[in-house]
Amino acid sequence: MSGMDWKLLLSVAGLLWGVALTLWTRYVAAQAATKGEIEEMKGEQHGISERVARLETRVDQLPGADAVHKIEIAVGALEGDIKKLSATLEPIARSTRRIEDYLLREKSGK
């Protein structure tokens with residue numbers, strides 16, 4: 001090999017080495033950006049995890065199907081009691097109106 005061949009070979013090797021370093025640098029920079037994005041996503045995931053935990057706590061405090069059924073039964077019983085009470089109070093209300101009418105007539109008649 002002549003001196004010219006060595007020079008050409010070293011120039012090509014230098015060029016390839018430069019291209020390889022450029023590609024490797026870009027790859028490492030892309031990985032660093034990806035790591036930053038991953039850290040950002042981890043932060044977002046932590047925030048979402050906290051929100052889910054708060055929602056789970058709220059859901060756990062809600063009454064279950066059995067409790068809602070018991071409430072429905074209690075409301076139904078109250079409706080029945082109110083109807084009975086209304087039926088009981090109706091004659092009392094009529095008597096009270098008659099007494100008021102009587103008292104007003106007596107007062108106006110004097």
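Values quoted throughout were computed directly from the atomic coordinates according to the rules given, and no laboratory measurement underlies them. What you see is a predicted model; the values in this text were computed from it and never measured. FYI the Cβ positions are ideal-geometry reconstructions off the backbone, even for glycines, and counts take in every protein chain you see.
Structural remarks
- If you run the Gaussian network model on the chain, springs between alpha carbon atoms under 10 Å, then out of Ile82, Ile73, Ile99 the most flexible one is Ile99.
- Shape call, region 1-62: gyration tensor on alpha carbons, a/c limit 1.5: prolate
- Stretching the chain fully between Ala67 and Leu8 yields a gain of 12.5 nm (0.36 nm per residue, less the alpha carbon separation).
- Extension gain from Thr57 to Asp101, taking 0.36 nm per residue of separation minus the Cα-Cα distance: 9.8 nm
- Between the listed residues Leu103, Gln61, Ala93, the Cα displaced farthest toward the positive end of the dipole of the chain, a dipole computed from Cβ unit charges relative to the Cα centre, is found at Leu103.
- Using the rule -39500 (n - 2.57) for each DSSP H run of four or more residues, divided by the residues of the chain, the 222 nm mean residue ellipticity is -35500 deg cm²/dmol.
- Along region 7-14 the Karplus relation, 6.51 cos²θ - 1.76 cosθ + 1.60 evaluated at θ = phi - 60°, assigns HN-Hα couplings of 5, 5, 5, 5, 5, 5, 4, x Hz to successive residues, with x for each Gly and Pro.
- Where (i) 24.0, 74; (ii) 45.0, 148; (iii) 16.8, 59 are the candidate values, the label of the one calculated here for Rg and Dmax of the Cα atoms in Å is (ii).
- With respect to the chain, whose longest principal axis is taken over its alpha-carbon atoms, helix 65-109 is tilted by about 30°.
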